[in-house]
Amino acid sequence: SPGLTPAGALMVPRRLEGVDASRRDGLRQLEISPRSLAIWERIAARLEEHGGAAIAIDYGEEGPLGDTLQAIRDHEFVDVLTDPGRADLSAYVDFGAMRRVIETRKNSGVECYGPVTQRDLLFGLGIGQWLEKMVEKCATEKEVDKLIAGCERLVSGEQ
């Protein structure tokens, strides 16, 4: 569309609310998932009414995001338009948009913590202690090296 669609006219200002001006002005693309926002509205309403907690685990960033659509086939990234139907399509989660859903519900009692990196989550859950216990069970140095390499891959932040 050469301009904002009616849906865009509603969603874009809402998503950019609270984003600092320098970041907002530098945007050239913006991905918005109305379905995700609606789901988080329902989750927040349920937590307000019944209490409890919700956790979202996925790949993403604080956002706003643009151009995160990707295709993965056989554990490799491929062009999204090459060989349609033969690759899994994915897009990053905009955790900032999810946070805004919670933050805009005034006096709801629902709070948002995070996002946190995979590294911080795994260390917080005790991956270091788990690794020490698993190393003790390894029969060879090769097993130890493989185990350590796997943990490093999970917590390095490079993937």
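The values are calculated or read from the model by the stated rules, or taken from the named source; none is laboratory data. Not measured: the values here are computed from a predicted model. With ideal geometry, Cβ positions are generated from the backbone for all residues, glycine too; neighbour counts draw on all protein chains shown. Heads up: the accessible areas ignore ligands, DNA and RNA and are worked out on the full protein's heavy atoms, side chains in. Shrake-Rupley method; radii C 1.70, N 1.55, O 1.52, S 1.80 Å.
Some values worked out for this structure:
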{"read-out": "Selected residue (criterion: modelled with the highest pLDDT) from residues of the range 74-84 that are on the phi > 0 side of the Ramachandran plot and either in contact with a strand residue (DSSP E or B) (Cβ under 6 Å, 6 or more places away or on another chain) or open to solvent by 100 Å² or more (accessible area, probe 1.4 Å) (or both)", "value": "Asp74"}
{"read-out": "Options Ala44, Ala71, Ala9, Ala87; residue that is among the small types (Gly, Ala, Ser) and without any contact (Cβ under 8 Å) to a residue 12 or more places away in the chain", "value": "Ala9"}
{"read-out": "Filter result (touching a residue at least 12 places away in the same chain (Cβ under 8 Å) and either among the β-branched types (Val, Ile, Thr) or under 30 Å from Glu61 (Cβ atoms) (or both)) within the range 123-159", "value": "Phe123, Ile127, Leu131, Val135, Leu147, Ile148, Cys151, Leu154, Val155, Ser156, Gly157"}
{"read-out": "Arg119 under 14 Å from the mean Cα position of the chain (by Cα), of a type in the set (D, E, K, R) and open to solvent by 90 Å² or more (accessible area, probe 1.4 Å)", "value": "yes"}
{"read-out": "Flag for Lys106 being of a type in the set (D, E, K, R), at pLDDT 95 or above and loosely packed, with under 14 Cβ neighbours inside 10 Å", "value": "no"}
{"read-out": "Any chance Ala97 is of a type outside the set (S, T, N, Q), at pLDDT 85 or above, under 11 Å from the mean Cα position of the chain (by Cα) and over 30 Å from Glu49 (Cβ atoms)", "value": "no"}
{"read-out": "Qualifying positions in the range 57-68 - small (Gly, Ala, Ser) and either assigned to a strand (DSSP E or B) or more than 16 Å from the chain's Cα centre (by Cα) (or both)", "value": "Gly60"}
{"read-out": "Filter result for the condition that a residue is assigned to a loop (DSSP other than H, G, I, E, B) and either of a type in the set (A, V, I, L, M, F, W, C) or open to solvent by 100 Å² or more (accessible area, probe 1.4 Å) (or both), over Ala71, Ala54, Ala38", "value": "Ala54"}
{"read-out": "Residues being charged (D, E, K, R), surrounded by 13 or more Cβ atoms within 10 Å (Cβ to Cβ) and in a loop (DSSP other than H, G, I, E, B) - total across the range 1-35", "value": "1"}
{"read-out": "Filter result (in a loop (DSSP other than H, G, I, E, B), closer than 18 Å to Val93 by Cα, out of contact with any Lys or Arg (no Cβ under 7 Å at 6 or more places or on another chain) and not polar (S, T, N, Q)) within the range 108-123", "value": "Tyr113, Gly114, Pro115, Val116"}
{"read-out": "Subset of the range 74-107 (residues that are of a type in the set (A, V, I, L, M), within 18 Å of Leu27 (Cβ to Cβ) and assigned to a loop (DSSP other than H, G, I, E, B))", "value": "Ala91"}
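Each row is one residue, and each column tells you yes or no for (1) under 25 Å from Gly109 (Cβ atoms); (2) acidic (Asp, Glu).
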position: Ala9; (1), (2): no, no
position: Arg15; (1), (2): yes, no
position: Ile39; (1), (2): yes, no
position: Glu48; (1), (2): yes, yes
position: Ile57; (1), (2): yes, no
